[in-house]
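To keep things clear, I will list the structure first and then write my remarks on it.
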Amino acid sequence: MRLLVLEDDPGIAATIRSALEQAGLLVEVEKDGEEGWFRGDTEPYDAVVLDLGLPGLDGLTVLKRWRKAGRTLPVLVLTARGNWDERVEGIDAGADDYLTKPFRVEELVARVRALLRRAAGHPSPVIEVGDISLDTRQMRVAKGGLPIQLSPQEYRLVSYLMHHRGRVVSQPELTEHLYFQDFELDSNAIEVLVRRVRQKLGTEAILTRRGFGYTMDGEPD
Ligand code: CA
């Protein structure tokens, strides 16, 4: 899962980045509103954390422009304490959730996780596919109740496929959601990653649909 954090305060941005990375997410930080709007408009982020007070273009305008253009990506808005009218405006502009500064970073992470789950249609923090379970709170994957050790990148693959269980996900889509924009990627990187996960979760855990992509919880060919 790839996230955009639009926050101009370097201290807050660093705290958010490190907490979200520890939660197994891929995080890109941008401090300028105009640049952030552009990135959210052109890159397929799974969610955005959006500070309302930004240089360049204010967060509310950024959000309104995305929504006007039909961008449905989940957005959590950060507002200043006491500004209830800002919160109302943010929600009216299309925010999915908000958090008032100062906040506990643990709460931000929990809210982001919930946004990602809800966007994919999962009300519960534990997603199951067959005998495989993904606990998004603890970043744990288990098979038949037994914990399986995955590297951060392996976890991101399983997490993305399980959030979108039953759907065939193409290699380009996986590349976009599992790696940073400018990352130099070997053409077979996804294949190698899938193979490693199959060694740990079983060959049937991830199914290949030739010419289309990969799926968890689909019918075999
Ligand atoms: Ca700010």
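The values are calculated or read from the model by the stated rules, or taken from the named source; none is laboratory data. Keep in mind it's a predicted model, so treat the numbers as computed, not measured. All Cβ positions, even for glycine, are placed from backbone atoms using ideal geometry, and neighbour counts span all protein chains on display.
Structural remarks
- Pair list, Cβ under 7 Å, 6 or more apart: segment 73-102 residue over 22 Å from D41 (Cβ atoms), other residue part of a helix (DSSP H, G or I) and modelled with pLDDT of 95 or more: L99/E107; L99/L108; L99/R111
- Among the residues of segment 44-100, those that are of a type in the set (D, E, K, R) and part of a loop (DSSP other than H, G, I, E, B) comprise D46, D58, R71, R81, D96.
- Against the criterion of being away from the ligand (no atom under 14 Å from the Cβ) and under 11 Å from the mean Cα position of the chain (by Cα), A23 qualifies.
- With respect to the conditions (1) surrounded by 15 or more Cβ atoms within 10 Å (Cβ to Cβ); (2) over 25 Å from H163 (Cβ atoms); (3) modelled with pLDDT of 95 or more, K68 lacks only one, and its number is (1).
- When G24 is tested against the conditions (1) in contact with a His (Cβ under 8 Å, 6 or more places away or on another chain); (2) farther than 19 Å from A95 by Cβ, the lone failure is (1).
- Pairs, first under 14 Å from G202 (Cβ atoms) in segment 117-145, second buried (at least 16 other Cβ atoms within 10 Å of the Cβ) and among the β-branched types (V, I, T), C-beta under 6 Å, six or more apart: V141/I148; V141/V158; K143/I132
- Total residues in segment 28-40, condition more than 14 Å from G56 (Cα to Cα) and surrounded by 20 or more Cβ atoms within 10 Å (Cβ to Cβ): 1
- Per the listing G121, G59, G53, the residue uniquely surrounded by fewer than 19 Cβ atoms within 10 Å (Cβ to Cβ), within 16 Å of the ligand (Cβ to nearest atom) and of a type in the set (G, A, S) is G53.
- Positions within segment 152-203 being of a type outside the set (D, E, K, R) and free of Cβ contacts under 8 Å to residues at least 40 places away in the same chain, in sequence order: P172, T175, F183, L185, S187, N188, A189, I190, V192, V194, Q199, T203
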